Amino acid sequence: MIKGKVSPDGIPFIDVRIKDQTLNAIIDTGFNGDLELPESLHEKLNHRFVGSIVSMLAAGQRIEEYVYLVDFPFDDKIVQAEVTFVPDTQILIGTHLLQNYLLKIDFVNTDIQLSRQEEIIS
């Protein structure tokens, strides 16, 4: 199980560990991809170019982005994730990466729980 917190601004986040750094990652339920990472992490991860996609952002804005496959450390495993790199400092975790998880957000107690499906069944 992965535990996280809800920020005072109401943003759900968990910690991820990338190359000896612990970083906050926002759980973005409006993002249906895997990951959006800062460009500063591009060279720190083993990445393979996949191609380009057109993404629809809020307010109907369309952008073209390059997509990479990376070996991403998540939930004590290395998972292959599709990633876009952006000129920002935030990490976004999308719903596709969480497709085998139950997400519980407790805004009152500011707690996040992510449970793998096999943990729920057991």
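The values are calculated or read from the model by the stated rules, or taken from the named source; none is laboratory data. Predicted model only: the values in this text are computed from it and were never measured. FYI the Cβ positions are ideal-geometry reconstructions off the backbone, even for glycines, and counts take in every protein chain you see.
Answer yes or no as to whether residue 30 is at pLDDT below 90, part of a loop (DSSP other than H, G, I, E, B) and under 17 Å from residue 112 (Cβ atoms). So residue 30 fits the description; yes.
Within region 99-114, is there a residue that is surrounded by 11 or more Cβ atoms within 10 Å (Cβ to Cβ), within 19 Å of residue 4 (Cα to Cα), in contact with a Phe, Trp or Tyr (Cβ under 9 Å, 6 or more places away or on another chain) and not basic (Lys, Arg)? Within region 99-114 (the criterion being surrounded by 11 or more Cβ atoms within 10 Å (Cβ to Cβ), within 19 Å of residue 4 (Cα to Cα), in contact with a Phe, Trp or Tyr (Cβ under 9 Å, 6 or more places away or on another chain) and not basic (Lys, Arg)), the answer is yes, since at least one residue qualifies. Picking from residues in region 42-65 that are surrounded by 12 or more Cβ atoms within 10 Å (Cβ to Cβ) and farther than 25 Å from residue 100 by Cα, the one that is modelled with the lowest pLDDT is 44. Against the definition (of a type in the set (Val, Ile, Thr), surrounded by 15 or more Cβ atoms within 10 Å (Cβ to Cβ) and more than 13 Å from the chain's Cα centre (by Cα)), how does residue 78 come out, yes or no? Here the answer is no, as residue 78 does not meet what is asked.
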